[in-house]
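Single-structure report; data block below.
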Amino acid sequence: MQKCIGCLLSALVGLFLLLAAGPVAAGQSAGACEVKDDAAYTAAIRKNTTEPFFSTELVDHLPWSSCVPAPDTYLGHIVGAPDVLDHVAEINAYMRLLASRSPRVRVFSMGHSEEGREMILVAIADEATIQNLDRYRGITARLADPRGLSDADAKALIQDGKPIYWASGSIHSPETGSPEMLMELAYRLAVEGTPLLETIRKNSIVLLTPVSETDGHDRYVDVYMYRKHHPQANTYPLTWWGHYVSHDNNRDGITLSLDLSKNITKTFFEWHATVLHDLHESIPYLYISTGTGPYNAWLDPIVTSEWQQMAFYEVEELTQRGVIGVWTHGFYDGWAPNYMFWAAVGHNAIGRFYETFSNVGADTSEHSLEPSATSREWYRPNPPLPKVKWSARDNINLQQSGLLLGMYNVASHAQEYLQNFYIKSKRAVAKARTEGPAAWVFPADDPRPCDQARLLNILESQGIEISRAQQAFSALVPRTESPAIGGESKPVEAKEERGEAKPAVATLAGGEQKTKAKEPATAATQHFPAGSYIIRMDQPYSRFADTLLDTQYYSPRDPRPYDDTGWTLGALANVKTVRVMDTGILDVPMTRVEGKVTVSGGVKWSGHATYLVNHNTDSALATFRYRLASVPMEAAEEPFEVSGQKFARGTFIIANGDRGQIEAAASDLGISVSATDEKLSVARHGLEAPRIALMHDWRETQDDGWFRISLDQLKIPYTYIADTRVRETPNLREQFDAIILPPDWDDLSGMLQGIPLRGNPMPWKNTPETPNFFAPGLDSSDDIRGGLSYSGLANLGEFVRQGGLLVTVEGASVLPVDGGITEMLSLRRPQRLVCPGDILQASVEDAKSPIAYGYGEKLYVYYRAGSILNVGFGFGRRHAEDGEARSSGRGSSTDPDVIQGRNYMPPEEEPKRTPREQELYIPDEIRMYLGSRIPPADQFPRVILRFAEAKNLLLSGLLDGAPELAEKPAVVDVPHGQGHILLFATNPMWRNENSGSFFLLFNALMNYRHLDVGRAAK
Ligand SMILES: [Zn+2]
């Protein structure tokens, strides 16, 4: 309540100041204003700073201006005051108030979040610069795309230009210091007159985004202030950090699926900021990003130097000022391109971040640190203290001091930073002809055109230019590359000749050979049809395209990674991409694609009786099914042919459909439908549009958001239900056909308990005190305590027995497996496997299962080591599994081990069994003892997708200890009662990157009544 009075007061003060100043303020010269020390504010800063070594002369005071209102006059408290946080509307309003009062400040809207909150960009510089922002934006835009720009002209632009330093606050909602700090920084930059600040204002342009995750910030302020006002009550979790994902909103830099990522990327293209500096709060006291390496291998090496130079400058300057615990190097790696600040890094600018110490709010409290956080290391010569009192103001001081120094560093070397930006951009354009590749090709005959377009449009949203070949052409492709990026399926053996990666052979444009060129042993000619998409590498963002499409090798010798280690997008989308080194491809006649890539769809052939949609696993087919949810459809159980065209197993069959309705859906979605009057004899079954529930937990939601994003984008309806509702709904089957458990949990105990049932009830609803808890698309409840409990587990089991489909992903499989619903399955924690987010090869084992409909033999899947799924009772070890040796004895390990005093008899050969035979093997002599524990054969688990053998397992990332996972089940279907449980060891919906796996889930959903189809007779 106290806070709301504060809001009212501050709003009144703001209004008063506005009225008092009159309408001329924005044009007023800053020089006409009186500026002096703000004694009260300064005193409050010092009072709330716990130690002198948590402050600098840059921030230990605040000036007062007769023209521009300081933060406290609007907010009712100083920035960094204890126990108070501000909502987005107040922060944005203060920034707009600044802009209305200072000619050095302007505010731009960056767009809105999923829940409709505004993200803003505050631009600050001296008056002359602010009046010419468009001109400076024009200069950075020209340097960003230096095609046709001479070095002399570039030099003139660099002399004339100004680097742009963009600081972004609170992408992670419990990290609350930066939105407050950026208000004070904006004010300070607008009014203070020290040489350091004048240099920043004169030589550069500062951009500030006070809150990046606006939805989550407001929700967290509610959670925090509720706790402050009700210290005895149960503490609320921040169930939703943002609308979709939690901490992972900072891993959306590849597909730009969240509104905040889209807004930041769009804003980057409007300014081409030289530096994007993201502010985080977690570890003591100020970590400045460089990372341990390995650094992303596709970046211009200049970036690495820039990271080091900037970090060491700030470490040194702060250490000179006596600040303790400022360090760099450790903590993170620098490998994956999925961080938000890749909006800059991926586009030839600099992306970096801070981690300051945090109290997860504005508390002041004592902290004892683990020895690992306080040890002296080469990169941390002045480490944090074992024990310290830490305040919100300490956090503000360190963030703001570091940022001011970073901004000063760039402003003082303005031309150097612009020059580097130009060189990086220029070398990115030269990449096609220097290191290569020359281009990436997306062949026009890809069997999955919709997901091909989806992937191309991700690249387009990253500013990557796409062209289309006007005619068929050929190009040489290195034989040594992985088949996932166009190489041959088997590596070339000994005859491979090195050093011919860039053959001098002319490209054979037009599909015809101009000269009969000799093909080098290292490369093979591939032919591409007219209309193939070409991503030329002589464009400014070639490096980002190459980063995203290439394969990645992360050595087990390198420091442990911080996030995913593989991300090859073509493989994840199951879309063919070819890496072409042959520079002749740049001369193929092609047209630039303007805007988004679209696929033309519609109904072909003139029949009226039956409409056929060939199953190609394009994600759009699922959209099509739901768009025509009321139209009966069937799925073909075998491949078939009509009028010379082949249709895959799983093809959608619509009898007596409404041509107009089908045509409209097909053409909107880019789906090709064939209309025939031929009588089909292929076996088929109903293809449903089932009622889906996606279950969440009240403790936290992290990965379910990626499911929601992909389902929402594809317009597949679902109900978002809580564990507590499942607990209280005995007949789930009446409401749902399928329930999906995304991988947010991995412990049965935690799932059953949820938020423990103690203390007061905890409603999750919007109230005057918590106005931001709920938004459409989220969930609400009268009480979020109690978890799933045993009754929830029982309800889920009953749901399956009554014919429902339960889908569990990654760790969530502990519920049916360790919870005792499934049989002949176990989960094992990896012992030696290191696989922290990789792309692995898997093969379809059971092509007749409806879950595999439309897929080919192989699929690249996303996997991160959690639990390993095992099928069977564990009898019958496979030959030489785990490299086991024979018993101790005579001779070498392979010689006959002769027993003394009798004739030698060689041991029985270990039987060679396939993985499936091994899993289902039960020795006859044991069968009778197991007796009733063995389910009938038609209830055995059915492995649909299996990881490849160890030597072929890895496509991209860090993989160590592969034999532990090799040939293990990746997707398993288990019948149970009338229904099925589908267990994914992989994750079929990860960060909106792996659309190639989506249909494993969609097939299971749409065929949920018929998953036993095609089961091999035992
Ligand atoms: Zn963070």
Return the long-range amide H neighbours of Ile671 (sequence gap of 5 or more, or a different chain), with a cut-off of under 5 Å between placed amide H atoms.
Gly601, Gly602
Could you sort out which of Lys262/Lys604; Lys431/Lys576; Lys155/Lys596; Lys604/Lys858 sit more than 25 Å apart by Cα distance in this structure?
Lys262/Lys604; Lys155/Lys596; Lys604/Lys858
For the chain, what is the largest minus smallest coordinate of the Cα atoms on each principal axis, given in angstrom and ordered from greatest to least?
99, 80, 79
Nearest 10 degrees is fine. How inclined is helix 789-801 to the longest principal axis of the chain, computing both from alpha carbons?
40 degrees
Once both axes come from the Cα atoms, what is the angle between helix 704-713 and the longest principal axis of the chain, in degrees from 0 to 90, rounded to 10?
80 degrees
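Using helices alone, what [θ] at 222 nm do you get for the chain, with -39,500 (n - 2.57) per DSSP H run of 4 or more residues, divided over all residues and rounded to the nearest 500? Don't skip to the end; give the middle numbers.
Numbers: 30 runs with 307 residues, N = 1018.
Estimated from H runs of four or more residues: -9000 deg cm²/dmol.
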Go through segment 352-359 residue by residue and turn each phi into a ³J(HN,Hα) via Karplus (6.51, -1.76, 1.60, θ = phi - 60°); whole Hz please, and just put x for glycine and proline.
8, 8, 10, 10, 9, 5, 9, 9
Show me the trypsin sites (Lys or Arg not before Pro) within segment 363-417 that DSSP assigns to loop and that have at most 15 other Cβ atoms within 10 Å of their Cβ.
Arg376
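Considering only DSSP beta bridges whose two residues both sit in the chain, what percent are antiparallel, to the nearest 5?
65 percent
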For the pair Ser826 and Asp895, how long in nm is the line joining their label points, each one 7 Å along Cα→Cβ?
3.7 nm
Before anything else, pin down the relative contact order of the chain: Cα pairs under 8 Å, at least 6 apart, normalised by residue count, whole percent.
11 percent
Kindly provide log₁₀ I(q)/I(0) values, in the same order as q = 0.18, 0.23 Å⁻¹, from the Debye equation applied to equal alpha-carbon scatterers of segment 180-287.
-1.10, -1.33
Of all GluC sites (Glu not before Pro) in segment 659-742, which ones are in loop regions per DSSP and have a Cβ with at most 16 other Cβ atoms within 10 Å?
Glu678, Glu728
For the chain, longest principal axis from Cα atoms; helix 449-461 axis from its Cα atoms; angle between them, nearest 10 degrees, is 20 degrees
Given backbone amide H placed at 1.01 Å from N, residues whose amide H is under 5 Å from that of Ala722, ignoring those fewer than 5 places away on the same chain, are His696
Using θ = phi - 60° and the Karplus curve 6.51 cos²θ - 1.76 cosθ + 1.60, what whole-Hz ³J(HN,Hα) does each residue of segment 1007-1015 get, with Gly and Pro shown as x?
10, 4, 7, 10, 6, 7, 4, x, 5
For Glu488, the residues 5 or more places away or on another chain with a placed amide H closer than 5 Å to its own amide H are Glu481
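The numbers here are math on the coordinates, done by the rules we state, and not lab data. Here the structure is a predicted model, which means the values were calculated and not measured. Cβ sites come from the backbone with ideal geometry, for glycine too, and all protein chains shown count toward neighbours.
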